[in-house]
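Structure first, then comments.
The values are calculated or read from the model by the stated rules, or taken from the named source; none is laboratory data. Not measured: the values here are computed from a predicted model. All Cβ positions, even for glycine, are placed from backbone atoms using ideal geometry, and neighbour counts span all protein chains on display. Surface areas here come from the heavy atoms of the whole protein model, side chains and all, with no ligands, DNA or RNA. Shrake-Rupley method; radii C 1.70, N 1.55, O 1.52, S 1.80 Å.
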Amino acid sequence: MNSKPTLAFIGAGNMARAIIGGLLSNGYPAEKIWASEPNIERLSDLAKLGLNTTDDNNLAVKSSEIVILAVKPQVLKTVSLDIAETVQQHKPLLISVAAGIMSTSMNQWLGGNTSIVRCMPNTPALVQTGANGLYANDQVSPEQRLQAETILNATGITLWVEQESQLDAVTAVSGSGPAYFFLVMESMIAAGKKLGLTEETATQLTLQTALGAAKMAQSSDVSPAELRRRVTSPNGTTEQAILRFTEGGLPELFDTALKACNDRSVELAVELGKD
Ligand SMILES: NC(=O)c1ccc[n+]([C@@H]2O[C@H](COP(=O)([O-])OP(=O)(O)OC[C@H]3O[C@@H](n4cnc5c(N)ncnc54)[C@H](OP(=O)(O)O)[C@@H]3O)[C@@H](O)[C@H]2O)c1
């Protein structure tokens, strides 16, 4: 297997640059990466890093073994139809990070029999702490699976799902998940201020606590539920807060919220996949 295949990013916005940043910092050769997109300024920034740049999507596809589709879902159909002939000639592995567009729609737009990996990334990819859910269609070989995983591992962790529909659940947990944690942080900072802390102090304490809790949960061999029990002494201070959270229905609220997110993801797939 070619361990450093040539890659083409179609669309060089936030998500593409997050992946490119991770690849470069992991030592991926810049000259093995193409970026294609209409924004000249973005291209020139990437050219300064040593990437091959173009505004011709077909040239980038022609030059690469793996094509990462990182455009907005709304333009994916136009982009796919435009590169279909080149894809049929060169048969690259296609990795789509576009939310909601089914592999069957993409396969049809690209002319059929294409190897497609769908990835649901999240924004912490920008700081190489992303969580990616991946799904491969039937055309994807074990070698291509490994290649997709290696590329996306540059932004954080990757986990495969067996059913494409599970990407809706991935969207509900990790794709949209950073926003839930930001909301919790926002609420804790506001509550800390009401209790007399300055905004600066409440913010620093909240962010460091979130980071510490995540690190502890990741490095521990027990579940987050057990970690919570261990820091909740009977009749102690934490217990008072946890009681208010459970009385207020926080666990049920997460069920409702993630279900709503999952359902919106299903709806979007229908809207965006229309011919
Ligand atoms: N950001 C996230 O947190 C996140 C999370 C999960 C999934 N995603 C997925 O990642 C994809 C990209 O999102 P993003 O946030 O990176 O968007 P973005 O910053 O808008 O990047 C998309 C890029 O594609 C360019 N583009 C537009 N039309 C094109 C064409 N015909 N050919 C080539 N490039 C074209 C855009 O240029 P212009 O700006 O000039 O139009 C822009 O630079 C989306 O499908 C999204 O669903 C993003």
inquiry  = Among the listed residues Thr238, Thr246, Thr232, identify the single one that is in contact with a helix residue (DSSP H, G or I) (Cβ under 7 Å, 6 or more places away or on another chain) and free of Cβ contacts under 8 Å to residues at least 60 places away in the same chain.
reply    = Thr232
request  = May I ask you to list the residues in the range 231-251 that are open to solvent by less than 60 Å² (accessible area, probe 1.4 Å) and either aromatic (Phe, Trp, Tyr) or not in a loop (DSSP other than H, G, I, E, B) (or both)?
outcome  = Thr238, Glu239, Ala241, Ile242
task = Give the residues of the range 108-123 that are closer than 25 Å to Ala172 by Cα and either assigned to a strand (DSSP E or B) or more than 14 Å from the ligand (Cβ to nearest atom) (or both), sorted by residue number.
result = Ile116, Val117, Arg118, Cys119, Met120
request  = For residues that are under 18 Å from Thr129 (Cα atoms) and of a type in the set (A, V, I, L, M), scanning just the range 1-40, find the one that is farthest from the ligand (Cβ to nearest atom).
outcome  = Leu24
ask   = In the range 124-154, which residue that is within 12 Å of the ligand (Cβ to nearest atom), buried (at least 18 other Cβ atoms within 10 Å of the Cβ) and not aliphatic (A, V, I, L, M) is nearest to Gln166 (Cα to Cα)?
value = Gly133
ask   = If the Cβ limit is 7 Å and pairs must be 6+ apart or interchain, which residue in the range 174-195 that is of a type in the set (Val, Ile, Thr) pairs with which residue that is open to solvent by less than 50 Å² (accessible area, probe 1.4 Å)?
value = Ile189/Ala202; Ile189/Thr203; Ile189/Thr206
key: Inter-residue pairs, beta-carbon under 7 Å, first open to solvent by 10 Å² or more (accessible area, probe 1.4 Å) and in the range 13-31, second more than 15 Å from the ligand (Cβ to nearest atom) and not in a helix (DSSP H, G or I), 6+ apart   = Leu24/Leu49; Tyr28/Lys4; Pro29/Lys4; Ala30/Leu49; Ala30/Gly50; Glu31/Gly50
